[in-house]
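The block underneath contains the structure these notes are about, expressed in structure tokens.
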Amino acid sequence: MPIVPIRIPQLGEGLAEALLVEYLKQPGDVVKRDDPLYTMETDKANSDVESPYDGTIVEWTVEPGSVLAIGAEVGKMEVAQGVKEVGGGHGPSAPEAGAAPATDKPAATAPPAPSGDGTKLTAIRIPQLGEGLAEAMLVEYLKQPGDAVKRDDPLYTMETDKANSDVESPFDGTIVEWLAEPGAVLPIGAQVGTIRVAADAPDMAAGHGPAPVTASKTTAVAASTPAGDPEVRILMPPRTRKLLRDRGLLDQAGQIPAAGRTLMPADVERYLAGDKAPAPTPAEREDYDEAPLPVQQQTLNYRLVRGAQVCVPVTCMTDADWSRLDEARAAVKAAHDGKGGPTAFLMMLWCVTQVLKEHPRFRSALVGDGKTLRTYKHVNLGIAVALPGDLMVTAVVKDADTYAPDAFFQKAAEQIALARDGKDQADASTTLSVSNMGTAGMEMGIPAIVAPAVATLVLGKTYWQPVPDGRGGYDFIKTAKLALTFDHRVANGVGAGRFLADVKQAIEAFSLDTVSA
């Protein structure tokens with residue numbers, strides 16, 4: 001009889017790792033499918049992971065207390081000949097050669113039937129884009145419905161915390177439709193479209209083809225009903241299962257009314273108290289409204305979460321004398337009859353661009369396993385742009401360091417205008433973004449790193465600061481606070497301090513004569 005790995009399944013959307021708490025079965029134990037095998041802890045809940053097979057535990061290979069990646073092997077199990085992989089990370093990495101076809105494969109994963117013209121429709125799904133990744137953001141489609149494509153033609157672009165990737169077609173065929181909106185954050189394996197291919201075309205590995213069976217977002221697990229019908233399932237979190245097991249009611253789970261789609265401990269307690277009717281759901285009380293987040297906010301949230309997961313943020317601050325930029329802006333307004341010309345903020349962006357030319361760490365990003373530093377040859381400057389409804393997107397000036405001043409000011413204004421139309425322009429090469437909190441009346445803010453950037457520079461509101469004049473009195477100068485949050489894995493404190501000091505110096509030394517020369 002074959003021995004297959006026992007692997008950690010997907011325990012919740014967006015989770016890449018979990019803590020192994022304890023084993024519930026021991027080597028030599030005979031288990032049935034859906035018997036709890038071990039307990040995992042995530043940031044959402046503790047989950048009893050159930051057996052995907054009937055079989056016998058051979059060994060456990062990992063110590064409790066270990067933090068493990070989703071899909072990692074924790075043990076081995078002896079199963080019947082011909083058993084195939086179960087979705088969610090369990091089982092062998094591929095079906096065994098010569099294994100008999102499984103007889104309990106769900107209808108939803110069966111390949112589509114061929115049509116009479118020798119073709120079939122099949123799903124286009126997000127492949128595994130990197131180790132430990134559970135989701136990615138759909139950036140844009142590169143082909144349109146009706147387009148004929150060849151195998152390995154790029155179909156669409158996905159963004160992860162590591163890079164933007166063009167996903168290639170696993171087939172020769174014709175695009176039929178796209179099903180997801182650009183900007184959507186989707187789990188690995190999710191269907192994004194449909195393609196018409198030859199009837200005998202195989203599914204491609206690494207996420208393409210039939211959808212995997214994934215865990216519920218509530219990390220719920222399923223139990224068979226008393227009738228024994230394996231297709232009728234009840235969703236319940238581990239704490240409900242434990243309560244039912246302690247009360248000897250596990251086989252009666254199907255008789256307990258639930259307030260929602262998931263059977264909760266409160267439902268069991270009401271049942272034990274003799275109340276056979278489910279409690280009113282929050283939706284029935286109608287004491288709140290729900291609405292999907294705008295796509296721009298979903299995009300920003302995805303990047304913020306990725307930044308929090310992979311970055312080690314550190315913040316440093318300084319004050320900058322804003323007098324020279326103020327004088328330059330006044331001169332520009334006078335030359336344009338009070339209208340037009342670059343703003344003081346655009347002039348400040350020019351200063352940042354020139355400093356970035358001399359600080360390669362802030363034009364860099366970690367790639368791969370985090371041991372390789374990729375340094376971009378040019379400055380791709382990100383600019384945070386606020387939208388109505390408290391939304392935010394990023395404008396980007398590509399190769400900003402190659403422009404003359406007037407061309408830079410014009411290009412930056414064009415990209416900001418494009419962002420105000422809702423077009424987010426950030427990609428893996430946007431290593432530093434600048435945000436103007438002064439427009440919101442804030443003198444200072446602690447910026448967050450918005451992946452894929454490795455640093456964010458925030459400009460605060462300008463204000464008059466008293467400075468001793470050396471004669472017992474004070475002068476007042478126009479001042480702005482600068483705050484830089486950087487990824488300590490890419491730059492250290494001294495390097496970040498020198499970068500911020502150079503930005504301060506460039507602002508304080510700014511002259512229209514200099515940029516016009």
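Please treat every number below as a calculation from the coordinates, not as lab data. The structure presented is a predicted model; accordingly, all values stated were derived computationally and were not measured. Don't worry about glycine lacking a Cβ; one is built from the backbone with ideal geometry, like all the others, and counts go over all protein chains shown.
Remark: D200, D424 ranked as D200, D424, counting other beta-carbon atoms within 10 Å and listing the fewest first.
Diffusion coefficient (Stokes-Einstein, Kirkwood radius over C-alpha pairs, 20 °C, 1.002 mPa s) for segment 296-516: 119 µm²/s, rounded to a whole number. In this label model, D54 and Y474 are separated by 8.5 nm, measuring between points 7 Å along each Cα→Cβ vector. Could you tell me the calculated FRET efficiency between M444 and D289, based on Cβ-Cβ distance and R0 = 35 angstrom, to the nearest 0.05? For R0 = 35 Å, the calculated efficiency reads 0.55. Exposure proxy shown here: for W350, W60, the number of other Cβ atoms within 10 Å sets the order, fewest to most, as W60, W350.
According to a simple spin-label model (label point 7 Å from Cα along Cα-to-Cβ), what is the distance in nm between L272 and A80? Each label point is offset 7 Å from its Cα along the Cβ direction, giving 3.6 nm. Is segment 448-517 best put as rounded, prolate or oblate by its Cα gyration tensor, with a ≥ b ≥ c the root eigenvalues, rounded for a/c under 1.5, and otherwise prolate when a/b is larger than b/c, oblate when not? Prolate is the answer for segment 448-517, as a/c is 1.5 or above and a/b outweighs b/c. Computed extension length for R489-A509: 4.1 nm, one decimal, from 0.36 nm per residue of separation with the Cα-Cα distance subtracted. Here the extension length gained between K398 and Q26 equals 128.1 nm, from 0.36 nm per residue of separation less the Cα-Cα distance. Taking label points 7 Å from Cα along the Cα-to-Cβ direction, L249 and L387 give a separation of 4.8 nm.
With a Förster radius of 41 Å applied to the C-beta separation of L179 and W464, the computed FRET efficiency comes to 0.15. In terms of other Cβ atoms within 10 Å, H336, H488, H359 run from fewest to most in the order H336, H488, H359.
Distance from a point 7 Å along Cα→Cβ of R374 to each backbone N in segment 402-438: keep the residues under 15 Å and list them by number. Residues passing the 15 Å test: 426-432. Between H336 and L418, the C-beta separation translates, for a Förster distance of 22 Å, into a calculated FRET efficiency of about 0.45.
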